[in-house]
Amino acid sequence: MKKITLIKGFKDILPDDSPAWRRIESIARDVFACFGFREIRVPIMEKTELFKRSIGETTDIVEKEMYTFRDRDDELLTLRPEATASVIRAYIEHNMLSENPIAKLYTIGPMFRRERPQKGRFRQFHQLDAEVFGDEQPQTDAEVIFMLFHFLHRAGLTQLAVEINSLGCKACRPKFSEAVVAYLKDVQNALCPDCQRRMNTNPLRVFDCKVENCGSIIAKAPQILAYLCGSCQNHFTAVKSYLADLKVPCSVNPMMVRGLDYYTRTAFEVKSGALGAQNAVAGGGRYDGLVSFLGGPEVTGIGFAVGLERLLASLPQAEQAKYQTDIFIAALGDRAQKTGFSLTNELRRAGISAETDYGNKSLKSQMKRADKLNSSFTLILGDKEIDEKQAQLRNMKTKDQQALSLDNLQEKLISIILNSNECRDG
Ligand code: HAM
């Protein structure tokens, strides 16, 4: 039979890799809790309209990368390409503003974008996403960036660069867009067909173009910072000053516009020196008009998402935690197997990691399996031991062996194992 393989761009997270994922998620939960964030879990599928309206009809994500299908009742559904839109939908739908004027939420999970797979770019990837609703003060922008910086630092990412920019607001951005279009008109024949189209549909998207020639043209384009209105300028100056107070090393990148249409004012990205071309580990920004644009109240918002695959790939390889078993029950013979079956499962119920073998294999092969499982102890239990009412317990490290009477065997084993774990953990 032909093998059925993974979907291109999708990836299994294998048991050896899971501890590193759990570690990152647990650091995130600790750090985010200190900053007052609470977890929300939203579905991985939403109505297509939600992403079209929030991310923008003419962005690469919506135009080319969404996994969209028509459901049996004719409704268009999409596997989420990001979490912000879903978190806002839930915020509106559950009327969270009525509970608290400021909501701080985070979520962790898979996202789906049908991009060309390459190192650091997958079609299913995972994000750790944090959002704050209802606080437009520049302190909040700085605090959110500080939280991201602090989390990445605690996760072990040392070679990181934080870049920030301001994308203006609905008062000043149109003037900037006009200036970009005017500049591009003079050079349009040199632009790639995509950028020629973007120039008319969504001029800011030309800043994301990866075509080399477009890059050199766009490098000379007008820059948003020169077009900010007074209020956006003051906001950006304050954000930078609060970031300096918090000692977050960052640089202004006036060319950074981010690939999603919803951003206003502060935008930021964190890049890792340890990655190749796909070096953005995290990105985010403010999106002040988006909640109302999605049918909610006039509430401001800011947030970010960390790409977990990229974060893990940037970290120094941690020593892999070895799979550990407390005890292996080597049962030999029918009666011993019956006792071993109950004993193994009762030990597990008591919180001990226990394994056994139901195949009635030879002692040699069972001892081999105990070694493979990295077991601290092996209990040797044959029909002969059952007749003599005692079993042999072998310490797999020291190779010491002791006879244990079958009376209260379970309690004795628990006490020996817990004692030895205490010694091991110091
Ligand atoms: P984004 O910049 O599109 O922003 O994605 C955030 C991060 O997700 C990226 O920096 C990257 O690490 C990771 N990422 C994106 N695409 C892929 C991929 N194909 N393969 C692997 N990793 C990927 C957002 O998604 C916004 N929702 C962030 C945000 C939250 N803004 C405000 N709140």
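The table below lists the values:
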| read-out | value |
| --- | --- |
| Table column - 3J(HN,Hα) (Hz), region 247-263, Karplus curve with 6.51, -1.76, 1.60, x for Gly and Pro | 6, 8, x, 8, 10, 8, 10, x, 8, 7, 10, 6, x, 10, 6, 7, 6 |
| Accessible-area composition of the chain, carbon plus sulfur, in percent [1.4 Å probe] | 51 |
| Helix 230-245 axis, angle to the chain major axis (alpha carbon atoms, nearest 10°) | 30 |
| Loop-resident sites, region 154-216, for trypsin sites (Lys or Arg not before Pro), counting at most 10 other Cβ within 10 Å (DSSP) | 170, 210 |
| Rounded to 10°, Cα long-axis angle of helix 18-34 versus longest principal axis of the chain | 60 |
| Distance histogram in 10 Å bins (all Cα pairs of the chain, percent per bin) | 4, 18, 23, 19, 13, 10, 8, 4, 1, 0 |
| Where region 171-320 is the region considered: accessible area per residue in Å², 1.4 Å probe | 45 |
| Other-chain or far-sequence residues with amide H under 5 Å of residue 121's (modelled H) | none |
| DSSP-loop trypsin sites (Lys or Arg not before Pro) across region 22-80, with at most 15 other Cβ within 10 angstrom | 41, 72 |
| Entries in 64/271; 220/240; 175/220; 220/247 that, when Cα-Cα distance is taken, lie over 23 Å | 64/271; 220/240; 220/247 |
| Rounded to whole Hz, the Karplus (6.51, -1.76, 1.60) HN-Hα couplings of region 265-279, x for glycine and proline | 6, 4, 10, 8, 9, 10, 10, 10, x, 7, 9, x, 5, 8, 9 |
| All lysines inside 25 Å of residue 372 as judged from Cα atoms, apart from same-chain residues fewer than 8 positions distant | 322, 338, 361, 364, 397, 399, 412 |
| Directionally averaged projected area (convex hull, Cα atoms, region 62-132), nm² | 6.2 |
| About the Cα centre, charge dipole magnitude for the chain (Lys/Arg +1, Asp/Glu -1 at Cβ), debye | 1220 |
| DSSP beta bridge pairing in the chain, given as percent antiparallel to the nearest 5 | 80 |
| Region 327-413, relative contact order in percent, only Cα pairs under 8 angstrom and at least six apart counted | 31 |
| Isotropically averaged projected area of region 190-296, using the convex hull of Cα atoms (one quarter of hull area), nm² | 8.8 |
| Backbone HN-Hα couplings from phi across region 189-205 [Karplus 6.51/-1.76/1.60, Hz, Gly and Pro as x] | 5, 8, 7, 6, x, 4, 5, 4, 6, 4, 3, 8, 8, 7, x, 5, 5 |
| Radius of gyration and Dmax over the Cα atoms of region 1-148, both given in Å | 17.4, 61 |
| Globularity ratio of region 327-413, using Cα Rg and 2.2 N^0.38 Å | 0.96 |
| At most 12 other Cβ within 10 Å, DSSP loop - chymotrypsin sites (Phe, Trp or Tyr not before Pro), region 341-381 | 358 |
| Those lysines that a straight Cα-Cα span of less than 24 Å connects to residue 2, excepting residues fewer than 8 apart in one chain | 11 |
| 10 Å Cβ shell holding at most 12 others, DSSP loop, GluC sites (Glu not before Pro): longest site-free stretch of the chain | 100-297 |
| Accessible area in square angstrom per residue, region 351-426, 1.4 angstrom probe | 60 |
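The values are calculated or read from the model by the stated rules, or taken from the named source; none is laboratory data. Small disclaimer: the values here were computed from a predicted structure and weren't measured. Ideal geometry is used to build each Cβ from the backbone, glycine not excepted, and the neighbour counts take in all protein chains shown. Remember, those area values only see protein heavy atoms, side chains included, never the ligands or the DNA or RNA. Shrake-Rupley method; radii C 1.70, N 1.55, O 1.52, S 1.80 Å.
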